[in-house]
Amino acid sequence: MPSRSLYTPASVWFLLPVVVLVPMAAFGTLVLRHFYVLGAFWSDSGAIAAVMWHSDPLLRLPLVNGAASFFQYHIAPFFLLLSLLSRLIPFSEVWFFAIVSGVAFMLPGLAVYWLLVGNLRMTRGFTPLAAAGISLLFAFNGMALAVSRNPHFEMLIVGTGMMFLVGLLQKRYVIATIFFMLCLTIREDAGLHLVTLLGVFSFVGKFSGISLNKLKPVLIYGGVALLYSLLAIAVQKLYFPGYDALRNVYIGSPASPPHGWPLVPKLLIYYVIKRGFIFLPAYLALAWAYRARNIMLAAGYLAVVPWAILSLFAVSPWAATLSGYYCFPFIFALFWVLLGPRLAASYGSTQPPLKYPVVIFSLLLLTSYIELGQQYNPGHIALPQSFYQLPSAQLRHVTAQALQDFVQDKAQLGSVKIDSGVAALDPRDYTGAQLVEMQPSLPADTIIYFANGYQLALVLAAAQKEQLDNYYLVPGTSLRVVSRRQLTGIAGLAPAPG
């Protein structure tokens with residue numbers, strides 16, 4: 001784990017499973033609750049789980065998501081590797097996605113632990129325990145918690161990217177290159193995030209006494225990252241046209257500031273008031289950089305300025321408010337506060353060493369827990385309960401069996417509509433037209449939904465419009481059904497109050 005020249009006490013290795021398994025178990029449990037108890041508030045998570053598991057070479061989306069190639073949305077060759085892996089291990093689709101998500105949230109903490117014990121010499125006495133504690137704190141930092149409110153896959157970019165950066169710092173170029181390649185292949189813009197970080201580092205490093213010759217490995221990685229992302233975007237435009245994330249999420253069509261210039265100051269104030277878990281660490285990092293006369297401390301936050309500006313004018317309210325996974329680049333920036341100065345020193349920076357870097361980094365990390373109650377949470381994911389309240393095997397089995405029975409008994413259900421939670425768990429047996437949010441809405445005899453799901457209001461409004469007045473539940477689960485038909489006995493349904 002540490003650099004080759006160090007003797008590694010057993011305590012460092014003894015604590016490693018804690019650093020790995022605790023976040024894996026916690027975030028994996030959260031994903032399972034998201035699917036089986038709360039009901040996925042968008043069908044996105046079901047679509048992502050589907051293309052990661054037993055997928056074809058084009059990563060075709062399931063029927064409910066349109067059956068097009070996932071490459072229309074994101075160029076993600078990494079998912080092909082995951083799909084191959086899923087065929088080798090005996091996990092169901094949802095369980096596999098939960099494990100991948102657990103790994104994604106674990107990797108940033110592992111990278112911090114590797115840095116602390118390998119470069120900051122936290123290997124003696126109680127310091128490995130402190131290193132493990134800081135690493136776990138980073139795995140559960142406020143921005144990671146915000147990302148977890150919408151289970152997706154962007155944390156894979158963060159985790160693999162951070163492992164690449166630590167490998168680069170330690171000049172372990174084989175390990176660095178492996179994680180670098182994995183990071184690039186997760187999403188077409190991953191290389192842009194890396195090249196921005198490396199570019200700002202190189203620019204600042206040049207004025208910190210680092211020669212261009214010593215920066216050669218950094219410049220090579222940055223150049224490859226830029227070329228890969230440009231190539232991936234070009235391939236997507238040429239061979240997988242359709243969804244345009246830049247237009248749909250950010251610049252709109254036609255391109256124009258979506259909310260007008262007068263609202264920009266209000267959004268900036270919103271960032272200060274309700275996004276403290278993102279920006280308070282940034283303000284303090286800038287203050288530390290000024291106090292220490294070391295701009296390298298703030299280089300990570302300088303690198304996310306383009307992302308912040310792009311988000312400021314985004315047409316998507318999720319992106320504009322940096323909700324959910326849209327804040328993930330700021331996790332890189334916070335990590336850079338600890339890594340950046342040491343990376344600069346390893347390449348010959350003349351900047352003086354910082355005093356108490358681990359202590360101050362830990363204080364910045366703690367400020368990421370400010371205003372967690374302001375995080376957007378439409379999926380009703382309660383924390384910390386969702387980290388340890390694992391859905392029982394009985395609940396998961398009965399839920400899965402009921403969904404199969406609904407498909408087998410579809411003739412008795414009549415015309416069926418579903419909410420996003422059902423779509424995420426059973427994405428292959430329904431079409432997009434059957435989603436309850438689709439407008440204009442098709443007539444429905446039966447609606448299958450989650451009891452306290454994100455789309456409950458839509459379900460109840462649709463039931464009232466269609467005059468559906470027979471309510472049922474699947475005992476022991478969160479599944480509910482409303483129908484104009486008498487369904488008692490089908491799929492284990494029992495009457496429920498309306």
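Bear in mind that the values in this text are calculations on the coordinates, not laboratory data. Fair warning: this is a prediction, and the values are worked out from it, not measured in the lab. As a convention, Cβ positions derive from the backbone with ideal geometry for all residues, glycine included, and neighbour counts pool all protein chains shown.
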Check your understanding: Taking θ as phi - 60°, what are the ³J(HN,Hα) couplings along segment 99-107 by the Karplus curve (6.51, -1.76, 1.60), each to the nearest whole Hz, with x for Gly and Pro?
Key -> 5, 4, 5, x, 5, 4, 7, 6, 4
**Study point:** Rounded tilt (10° steps) of 10-33 against the dominant C-alpha axis of the chain
**Key:** 30
Review point. Between the helical axis of 127-139 and the dominant principal axis of the chain, each derived from Cα atoms, what acute angle in degrees is found, rounded to the nearest 10?
Key: 50
Review point. Looking at the chain, what % of the alpha carbon pairs are farther apart than 40 Å?
Key: 25
Point to revise | Relative contact order [Cα under 8 Å, 6+ residues apart], the chain, whole percent | key: 21
Point to revise | For segment 169-231 versus segment 414-439, the gap between their alpha-carbon centres in whole angstrom | key: 43
**Study point:** Antiparallel content of DSSP bridges confined to the chain, in %, to 5
**Key:** 75
Review point. Quick one: Kirkwood hydrodynamic radius for segment 356-498, alpha-carbon pairs, angstrom, one decimal?
Key: 17.1
Practice item. Would you compute, from DSSP H runs of 4+ residues alone, the mean residue ellipticity of the chain at 222 nm, taking -39500 (n - 2.57) per run and dividing by the full residue count, rounded to the nearest 500? Key: -17000 deg cm²/dmol
Check your understanding: Once the Cα gyration tensor of segment 122-178 is found, what semi-axes does its equivalent ellipsoid get, as square roots of 5 times the eigenvalues, in whole Å, sorted largest first?
Key -> 23, 20, 6
Review point. Around LEU435, which amide H atoms from residues at least 5 apart in sequence, or from another chain, sit under 5 Å from its own amide H, with H modelled in the peptide plane?
Key: ILE418
Exercise for review: Kindly write out, for segment 265-273 in residue order, the coupling ³J(HN,Hα) from the Karplus curve 6.51 cos²θ - 1.76 cosθ + 1.60 (θ = phi - 60°), rounded to whole Hz, with x marking Gly and Pro.
Suggested key: x, 5, 5, 5, 5, 4, 4, 5, 7
Exercise for review: Just name one of ALA308, THR399, GLY379: the one whose Cα is farthest towards the positive end of the charge dipole of the chain (beta-carbon charges, Lys/Arg +1, Asp/Glu -1).
Suggested key: ALA308
Exercise for review: Compute the separation of the alpha-carbon centres of segment 307-379 and segment 450-488 and state it in Å as a whole number.
Suggested key: 42
Practice item. Please count, across segment 10-387, the pairs of lysine residues with Cα atoms under 30 Å apart that sit 8 or more places apart or on different chains. Key: 10
Review point. Can you work out ³J(HN,Hα) from phi for every residue in segment 145-159, in order, using Karplus 6.51 cos²θ - 1.76 cosθ + 1.60 and θ = phi - 60°, giving whole Hz and x for Gly and Pro?
Key: 5, 5, 4, 5, 5, 9, x, 9, 9, 5, 5, 5, 5, 4, x
Point to revise | Angle in degrees between helix 357-367 and the longest Cα principal axis of the chain, rounded to the nearest 10 | key: 30
